[in-house]
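The values are calculated or read from the model by the stated rules, or taken from the named source; none is laboratory data. This structure is a prediction, so every number in the text was calculated from the model and none was measured. We place every Cβ from the backbone using ideal geometry, glycine too, and count neighbours over all the protein chains shown. These area figures cover heavy atoms from the full protein model, side chains too; ligands, DNA and RNA do not enter into them. Shrake-Rupley method; radii C 1.70, N 1.55, O 1.52, S 1.80 Å.
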Amino acid sequence: MKLPLIAKAFALELGFYLLLKLGMPLITSPLPSSVIFMYMTLVTISILLYVSIFEDDFGNFYIPIVDFIRGDDNESGLRKLSRIAVFILIPLFFGFRSYQSVLPNFNPPFPQRVIHPAPPGSAAGFTNPFGDDEANHEQYIEEGREVFYKNCVFCHGDKLDGKGFFAHALNVKPANFADATTISMLMESFVFWRIKTGGIGLPEESTPWDSAMPRWELILSEEERWKVIMFLYDYTGWKPRTWELEGDE
Amino acid sequence: MIIRAGNQGLGNLKVMSKLFIKNDIQSLFLLVFLFTILGGQPYLFADEEHEEVKTTAQPDSETLPNDDLAAGEMIYKKRCISCHGDEGDGDGPAADRFQPKPRSFKKAEFKYRTTPRNSLPTDDDLFRVISNGLPGTGMPDWADVLTKKQRRQVIKYIKTFSDKWEKQADRASALKIGEPVPTSEESIERGKKKFTALGCTLCHGAEGRGDGPTSLVLRNHRGDSVYPRNLNKNWLFRGGGEAKDIYTRINTGINGTPMPSFADKLNNEESWDVANYVRSLSPTPNPERGSLIKPLSIEEGIPTDPEDPLWDQAPSSWFPMMGQISFEERLFTPTVTDITVKSLYNDKEIGFKLIWDDRSSSKASKPSAKKKIYTDQVAIQFPEKLQPGGVKKPYFIMGDEKLGVNLWNWQSDGNQVFETTANGILNGEVKKSESNVKGSGRFKNGQYQVVMKRSLQTSDKEKDIQFEIGSFYPIAFFAMDGTNGEVASKRSITPWYFVLMEPETPKSVYILPPVVIIFVFGVEFVLVKLLKKNKKASSSS
């Protein structure tokens, strides 16, 4: 049996919704609802465009609906009942939406945080003084490990996943170095700048007042800061982003 | 009414649109209708909780040797060595910054076992600890980065640090848990009696907050001080917070610490009674982190007595706390793990009641004392001023050079309230000469209850936040346990949260929705009428 066009359209619509809502989280992180809304609008428009261009089908598409809305004198009881239900539910739905929109909004002002802002000019041009010293590489990483476990582990966690012992108390969560969105996509000099000046050194679009990330230039020496960076990359297996790599892409 | 398809080229577009307009206003309705329903649905199902960053800790993928012991050694050296040390003696670089310190595998004193006190754990016990971690300590859970096999391999390796494992080859077997006694008022009542009779209160305190008379002098086998657990927070129990776990603990004790085993003093039923009682001390479900404090509006004056029953009506918000480790001097081992906040307001004043646990109420020691003890303290932090737009704030740890904060402080020594301002923790606090904040505190059975209140508006518009109904005010909290050496920058902290005195719901909320409903219904009515007319017309023609 051939499915009625309207059922197909509905199935398509639902299929896309489920794909975005449930399927995407399996591949990447869950999509924000505003993005889903955007995609669904596109899907809806495309479906309507498709059926309206193939005129023949367009009739098949809306006639069942029109029939349903209009009703018939000798229609079955069930059909009548569902029609009444739909007629009652739609106004209620709009009523509810308008209630939601006029209800005073008690969501505190949480600004969107820019996680990786453009660093100030003073942040450029840091280079790792130990970078080329292959002979002592292991030694530096060992020393960096010590710095990490004495200073960073409480927030960034033993597994460098941002789930340290104290992390649950914070609003802006510590960075997860194991994830592909932090140090793996940053240049060493950027990471160095972040560690040097900490949360308080961020520009305003990154809400510096909410970040617990310490300003390590007050506590650690420059050498310790470079060593801990070497440890972060060694432990997670990431490589810092470099100019050469960018050129390749 | 079916529109016949001609060729589908653009030439037909004109005809098409004509037909479309002439016959089928319905389809227009239809489009709009479909669009709103389908397009609007994500809003209906939108999840409001903010989307957490996905954490993908990478499992160990590097090729490990086939030999279990060699593999275990490699895992240990990558994952465990920084805390448990090269030699397994619990003296890694970070050891001093954890309380309790990482376990020494050399001494082989394992705490969370199913085996009798003073015996070695089973492999399954170790497996459980390594997989789940020990809540409230530095010991993390490893289930997401180490496979089951890898966890078994590392267990094999940590056993090489002590010869006890060989010597006690015929080790004790796991505890058998008898027929459960489901929790009930009677069981809890019996358990409570036993709790006192067995002397649990000597260490754990009358209400179980870990504040018994011996609580500050207990030491573990290394000579470090060890606090009896606060039994009112079962989410911080290392060996699990449910009655079954508590049953196991009291029948096996905690090796290397004063926590005894009661196996020879309790039968199965009594063990369950005590376990049910201990479980009942913690809230079910466990508290969740608040974000917005909504004070309750009252007619009466705000009581300064924290035990006034009016406070019971105010809703509670719960906030976890962490040690201040962003500026020297840092506090790595805080004792205050969380704080509960209630708030009331009337047309003149706003008041806050703060509740937190502390093992002792301390007075500042004399300057000559050998071990320094400070007064216990708590503080509520506000920005000195709201910034335009309400987004920008002073730095959450006591402000910064540009934007200052105002602190309402209470200290146990002398039950005093005082106000300070600060522009960065390193610049210290400045006591305000004139303070409008009033309050008082009580200490009972290991818990502080403190009230502080102030008039909504004050004359010092520069340094005091001015409260108005309907605005969001950033708010943060600090706590200091003087017995734990906490003073000045060594304090437990929270990030910024918000407080909002809710305005009354505007009338329009009750007017607009009915209007919309009636309107939409009207549209439906017209639509049906139109369609019916249309049909009649087409069938008669």
Next item on the list: Ignore the peptide's own chain and count Cβ atoms of other chains within 10 Å of each Cβ in A:162-173; give me the average, rounded.
Entry: 6
Next item on the list: First check a/c for segment B:89-236, with a ≥ b ≥ c the square roots of the eigenvalues of its C-alpha gyration tensor; if it is under 1.5, answer rounded, and if not, answer prolate when a/b is larger than b/c or oblate otherwise.
Entry: prolate
Check: How much solvent-accessible surface does B:Cys200 expose, in Å² to the nearest 10, with a 1.4 Å probe and all protein chains in place?
Finding: 20
Item checked: Convex hull (Cα only) mean projected area of the protein assembly as shown, reported in nm² to one decimal -> 47.3
Next item on the list: Could you work out which residue, out of A:Leu19, A:Leu103, A:Leu170, moves most in a Gaussian network model of chain A, that is, has the largest mean-square fluctuation with Cα springs under 10 Å?
Entry: A:Leu19
Checklist line | Whole-number accessible area per residue in Å² for segment A:5-102, which is evaluated in the context of all protein chains at 1.4 Å | finding: 58
Notebook entry, point to check: Taking springs between alpha-carbon atoms closer than 10 angstrom, which of A:Val114, A:Val66, A:Val191 fluctuates most in the Gaussian network model of chain A?
Noted result: A:Val66
Check: Given segment B:292-500, what percent of its DSSP beta bridges are antiparallel, to the nearest 5?
Finding: 95
Notebook entry, point to check: What ranking, highest mean first, results for peptides A:229-236, B:528-535 when packing means the other Cβ atoms within 10 Å averaged over each residue?
Noted result: A:229-236, B:528-535
Next item on the list: Tell me the Kirkwood hydrodynamic radius of chain A in angstroms, computed as one over the mean inverse distance between distinct C-alpha pairs.
Entry: 23.6
Notebook entry, point to check: On a 0 to 90 degree scale, rounded to 10, what angle separates helix A:188-197 from the longest Cα axis of chain A?
Noted result: 80
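Using the heavy atoms of the protein chains and a 1.4 angstrom probe, tell me the accessible area per residue for segment B:188-308 in square angstrom.
Values: 5420 Å² over 121 residues.
Result: 45 Å² per residue.
Just counting partner chain Cβ atoms within 10 Å, what average do the residues of peptide B:490-500 show around their Cβ? Present the calculation step by step, with values, prior to reporting the outcome.
Working: counts 0, 0, 1, 4, 3, 8, 6, 2, 5, 1, 3.
If you average over the peptide's residues, the count of other-chain Cβ atoms is 3.
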Check: In degrees between 0 and 90, to the nearest 10, how far off the longest principal axis of chain A does helix A:137-151 point, with axes built from Cα atoms?
Finding: 70
Checklist line | Relative frequency of Cα-Cα separations exceeding 21 Å in segment B:223-360, percent | finding: 59
Item checked: Binned Cα-Cα distances of segment B:185-280, short to long, each 5 Å bin given as a whole percent -> 3, 14, 24, 29, 20, 7, 2, 0, 0
Next item on the list: Relative to the longest principal axis of the C-alpha atoms of chain A, give the angle of the C-alpha long axis of helix A:77-102, reported between 0 and 90° and rounded to the nearest 10°.
Entry: 40
Next item on the list: Starting from segment A:72-178, pick out the chymotrypsin sites (Phe, Trp or Tyr not before Pro) whose DSSP state is loop and whose Cβ has at most 16 other Cβ atoms within 10 Å.
Entry: A:Phe106
Next item on the list: Report A:Tyr50's accessible area, 1.4 Å probe, all protein chains in place, as a number in Å² to the nearest 10.
Entry: 130
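Do you know the relative contact order of segment A:5-102, to the nearest whole percent, from alpha carbon pairs under 8 angstrom that are 6+ apart?
Working: 31 pairs, mean separation 24.6, N = 98.
Computed value for segment A:5-102: 25 percent relative contact order.
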Checklist line | Listed residues A:Ile195, A:Ile69, A:Ile45, most fluctuating in chain A (Gaussian network, C-alpha, under 10 Å) | finding: A:Ile45
Item checked: Rounded to whole Å, sorted largest first: equivalent-ellipsoid semi-axes of chain B, Cα gyration tensor -> 55, 38, 25
Check: What does the average come to when, for each residue of peptide B:200-207, you count the partner chain Cβ atoms lying within 10 Å of its Cβ?
Finding: 0
Item checked: DSSP H segments from chain B that extend 27 Å or more along their own axis, Cα-based, with Kyte-Doolittle mean of 0.5 or above -> B:25-45, B:508-540
Margin query: Please give me, ordered by residue number, the trypsin sites (Lys or Arg not before Pro) of segment B:398-481 that lie in loop per DSSP and have at most 13 other Cβ atoms within 10 Å.
Written below: B:Lys402, B:Lys461
Next item on the list: Take every DSSP beta bridge whose two residues both sit in chain B, then give the antiparallel share in percent to the nearest 5.
Entry: 90
Notebook entry, point to check: In terms of solvent-accessible area of protein heavy atoms at a 1.4 angstrom probe, what is the ranking of A:Thr181, B:Thr375, highest value first?
Noted result: A:Thr181, B:Thr375
Next item on the list: Pull up the cross-link candidates among the aspartates and glutamates for B:Lys532, meaning alpha carbon to alpha carbon under 14 Å and not fewer than 8 places away within one chain.
Entry: A:Asp67, A:Asp72, A:Asp73, B:Asp24, B:Glu524
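If you build the convex hull over the alpha carbons only and average its shadow over all orientations, what do you get for segment B:108-187? Give it in nm² to one decimal. Before the final figure, lay out the partial values.
Numbers: hull surface 30.5 nm².
Averaged projected hull area, Cα only: 7.6 nm².
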